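The values are calculated or read from the model by the stated rules, or taken from the named source; none is laboratory data. All of these numbers come straight from a predicted model, not from anything done at the bench. Ideal geometry is used to build each Cβ from the backbone, glycine not excepted, and the neighbour counts take in all protein chains shown. We work out accessible area using only protein heavy atoms, side chains counted, and drop any ligands, DNA or RNA first. Shrake-Rupley method; radii C 1.70, N 1.55, O 1.52, S 1.80 Å.
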Amino acid sequence: MLRDLDRPLLIVTLVLAAFGILVLYSAGQTDTPTNATGVWSRQLVWLGVGLVAAAVSYSTSFRLLEWAAPWAYGLGLALLLLTVVGFGSGGDGSAASTSSWLTIGGVRLGQPVELAKIATILMLARWFSARREPPASIRAMVPPILIAGAPALL
């Protein structure tokens, strides 16, 4: 399992992540406390969460992802639809006027677009992998365009 890893890609990714955390740490080193003061430690936690998620996804069977793709895609579309019909609320700061966050019962649950992006990629991968040949015409590209277009419209 570990010998199948793309080591150069892994090293470059970890170096870029470390550089990003160092930049955030540097930005928070001021005489006056700002919002950037402790952001590097939160980013370090999220890096750890991301590494665990990457390890889990790497060990997950592709067949499970293929089976789950339509379910995740349908759930993503349903959640996007909920934000459109009135359960959406604005974010913080500059995104306050948008309705991209799913809010139910006064509790902000998150942005369904994040699930929809991953689910759309999985659904497109499933559609293209089921074909023996690449699409030969524009007409053959209609289904993947619809797969990608539905969440984009929502």
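What to note about this one:
- Listed by first and then second residue, the pairs with beta-carbon distance under 7 Å, at least 6 apart or on different chains, first residue in the range 39-58 and more than 15 Å from residue 10 (Cβ to Cβ), second assigned to a helix (DSSP H, G or I) and of a type in the set (Ser, Thr, Tyr), are 40/25.
- Complete set of residues in the range 90-105 that are modelled with pLDDT of 70 or more and exposed (fewer than 12 other Cβ atoms within 10 Å of the Cβ): 105
- The set of residues from the range 26-48 being open to solvent by less than 70 Å² (accessible area, probe 1.4 Å) and assigned to a helix (DSSP H, G or I) comprises 27, 39, 41, 47, 48.
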